[in-house]
Amino acid sequence: YLGKGRAQLEGSPSDPGKAELNFQKALELDPLMHEALVELANVSLARQDAEAALAYINQLEEVSPPSSLIETFRARAYLRQGQDKLALVAVERANRLDITSLEVYKLWGKILQANERYADSLEPLKTYFTYIEDDPEAEILLAKAQSAAGDLGLALETVNKALSADSKMISALILRGEIYLQ
């Protein structure tokens, strides 16, 4: 059931509803199957149901040791709920549990900015871009951090790089306009 659910998520077209039913069946057959809980949390976040995701995360915590993955899901769920301070605590815990997770550095930058700590978001985003070359969404975050740190020239370069990947990216166009205003 776990494999069947994963195949339904990856299929064309993707069928998250059927996948979720298969993950629940897998969990029914083996209540300790942490992989099914991970998938259920992921599906819940994808459909923007942070409350359900947190419920699965809490169950996951009961059957598996602390992990960066659990805390990353928790941070994403709290961010979805607008609980930015709790999201920050969770993402920092995720980073302590696994300092090699690039997803955590990007999410950390995003959460710091949600907490209006733009300049503080520069370091995790720099770490992310040490290993990732092209990510327009993260480039917008980086440009905001660079702008907050007072490096408008570099922020403009970064936002233009994001726009070269997608010239109609609204958030990038708005940010470029804000940089020009400054």
Checked against a 23 Å limit on the C-alpha separation, the offending pairs among LYS25/LYS106; LYS144/LYS168; LYS110/LYS161; LYS85/LYS168 are LYS25/LYS106; LYS85/LYS168
So ALA55 and LEU173, fully extended at 0.36 nm per residue minus their Cα-Cα distance, gain in nm 38.7 nm
Phi-derived 3J(HN,Hα) across the range 84-97 with the Karplus relation (6.51, -1.76, 1.60, θ = phi - 60°), rounded Hz, x for Gly and Pro, is 5, 5, 5, 4, 5, 4, 5, 5, 5, 5, 4, 5, 5, 6
With 0.36 nm assigned to each residue of separation and the Cα-Cα distance removed, LYS4 to GLU137 gains 44.8 nm
Filtered hits (lysines, Cα-Cα < 28 Å from LYS18, offset >= 8 within chain) -> LYS4
A correct Karplus calculation of ³J(HN,Hα) over the range 32-40, with 6.51 cos²θ - 1.76 cosθ + 1.60, θ = phi - 60°, whole Hz and x for Gly and Pro, returns 9, 6, 5, 5, 5, 5, 4, 5, 5
Those GluC sites (Glu not before Pro) from the range 64-146 that are DSSP loop and have at most 13 other Cβ neighbours within 10 Å turn out to be GLU116, GLU133
Put TYR180, TYR118 in order of accessible area, largest first, probe 1.4 Å, and you get TYR180, TYR118
Mean projected area, convex hull of alpha-carbon positions in the chain, reported to one decimal in nm², is 11.1
Note to self: C-alpha centroids of the range 86-107 and the range 12-45 sit apart, in Å, by 24
So for R0 = 45 Å, FRET eff. of LYS25-GLU123 from the Cβ-Cβ r, to 0.05, ends up at 0.55
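The values are calculated or read from the model by the stated rules, or taken from the named source; none is laboratory data. The model shown is predicted, which means the values in this text are computed figures rather than measured ones. Cβ atoms come from the backbone with ideal geometry, glycine included; neighbour counts cover every protein chain shown. Calculation scope for accessible area: heavy atoms of the full protein, side chains included, ligands and nucleic acids excluded. Shrake-Rupley method; radii C 1.70, N 1.55, O 1.52, S 1.80 Å.
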